[in-house]
Amino acid sequence: MSGGGESGNWTYGEYLQLSKLLTLQGEERGITNDEMHFIIVHQTFELWFKQIIKELGEVRDILNQEQVPEHEIPRAVDHLTRTTEIFRLMANQWGVLETLTPQGFLAFRDGLGTASGFESYQMREFEILLGLQNEDRLGGMDPLEGFKKAADKNKETFQIYNKLKTVKKQKSLVKVLMDWIGRTPIMGSKFESEGDDSVVNKYIEDHLEAHKKHGENLYGDSISNKKISERLSFSNNSAREFLTPEGKISRARAGLLFIESYRELPLLTWPRKLIDGFVELEESIVKWRHSHARMVERIMGRRIGTGGTSGVDYLDATSRYRIFKDLWGVRTILIKPQNRPYLKNSEFYGYSSD
Ligand code: HEM
């Protein structure tokens, strides 16, 4: 086996530092088979969290450039794909824990004291890196608060607190992604070029008009029904609010709509793959959160958690968190390709004729 950096005449065990790794499960406390399994599953998750932070950090650095070189986008997509696969793997890993019976868990649960996954600082780090906002957490919770309180008393917690504070100050993935999408050429008009505002405005208005017609055609005669017409006008207003929040054009959302609407254009291939990569990632996180809750419900019912939360209800609430809200939001206002606004400057996007 060989590794990067210093090359050594390693044995397998040396390279992986197995003699250290395999002494970290607390066997000296005389743990049962059940508890060892509980610890190993947690430890593998934390190892994966470490990898996830590294992968996502790379994606953030790639997108956080003023001019993102086109050839770096496929690399960002690769990092996202790997991260998604890790979440999928972890979602299946709850199945291993489900071999623990409620009684088997209760046999060692008291020994955990107040220790809980709730205190997983790596989890908090990747949530912050992705861009989960405190106001979107249950009860507007600030995950740094607990670490801050204990930071004076404990050197390790102090370091964790500082690390999380640093990550919080940096740009999140959702921010760099939306900034990047905001620079998408729309109908051939480049970001900040002369006349760009009016091109984008026209595009938005054309789309909203087509969106309105799309709804009217869909409901035909039933449009005279009060409830349906109210729903339609609500959806038209929401579409307008999405693209022009508080009356101001959101170029990022317009760019996103453009990429999603004209997905087949050669120049938009990698942008849409990148966006798909984020959607898949968030979906895999949501599913992972959801299956954690189901596993917990099965093993400990609806009792409160060792971390002091309501338990399953809390976990279910976390599975409703969304970070890449606009990527989800745009789906509601898309219309069928036949009805989308006529594409101008198609050659700009790699099509040879209009
Ligand atoms: C028998 C197994 C498990 C049970 C019964 C369980 C239960 C819970 C409960 C009730 C919570 C809510 C916080 C609290 O009040 O404690 C929680 C949170 C959490 N657990 Fe587990 N858990 C188990 C296994 C795991 C494993 C293997 C991991 C992997 C690291 C994990 C990671 C987490 C994380 C990261 C949170 C925080 C979620 C958030 O705040 O969004 N749990 N768990």
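Any read-out appearing in this document is the output of simple, stated calculations on the displayed coordinates, not a laboratory observation. On a predicted model such as this, the values are computed, not experimentally measured, just so you know. Cβ sites come from the backbone with ideal geometry, for glycine too, and all protein chains shown count toward neighbours.
Summary of computed values
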item: Separation in nanometres of the label points that stand 7 Å from Cα toward Cβ, at Arg322 and Lys336; result: 2.4
item: Net length gained if the chain between Glu264 and Phe234 were fully extended (0.36 nm per residue, minus Cα distance); result: 7.8 nm
item: Two-site label geometry, Glu192 and Gln170: point separation in nm, points 7 Å out along Cα→Cβ; result: 2.4
item: Theoretical FRET efficiency, 1/(1+(r/R0)^6), r = Cβ-Cβ of Lys226 and Ser310, R0 41 Å, to 0.05; result: 0.55
item: Relative packing of 147-159, 70-82, which averages over residues the other C-beta atoms within 10 Å, highest first; result: 70-82, 147-159
item: Chymotrypsin sites (Phe, Trp or Tyr not before Pro) within the stretch 299-354, DSSP loop, no more than 15 other Cβ atoms inside 10 Å; result: Tyr342, Tyr351
item: Extension gain (nm, one decimal) between Asn154 and Arg272, 0.36 nm per residue minus Cα-Cα; result: 37.9 nm
item: Charge dipole of the stretch 30-349 about the Cα centre (unit charges at C-beta), most positive-ward option of Gly195, Leu47, Ile228; result: Ile228
item: Rh (Kirkwood; distinct C-alpha pairs) - the chain, Å; result: 23.6
item: Relative contact order of the stretch 30-349, defined on C-alpha pairs under 8 angstrom at six or more residues apart (%); result: 26
item: FRET efficiency, 1/(1 + (r/R0)^6) with R0 30 Å, evaluated for Lys202 and Lys163 via beta carbons; result: 0.05
item: Magnitude of the charge dipole, the chain, Cβ model with Lys/Arg +1 and Asp/Glu -1, debye to 20; result: 740
item: Cα-based Rg of the stretch 12-130 normalised by 2.2 N^0.38 Å, two decimals; result: 1.34
item: Reachable lysines from Lys212, criterion Cα separation under 19 angstrom, eight or more residues apart if same chain; result: Lys202, Lys226, Lys227, Lys336
item: Estimated dipole of the stretch 106-156 in Debye, rounded to 20 [Cβ of Lys and Arg +1, of Asp and Glu -1, Cα centre]; result: 200
item: Degrees, to the nearest 10: 73-97 long Cα axis against longest axis of the chain; result: 50
item: Computed [θ] at 222 nm, deg cm²/dmol, the chain (DSSP H ≥ 4; -39,500 (n - 2.57); rounded to nearest 500); result: -19500 deg cm²/dmol
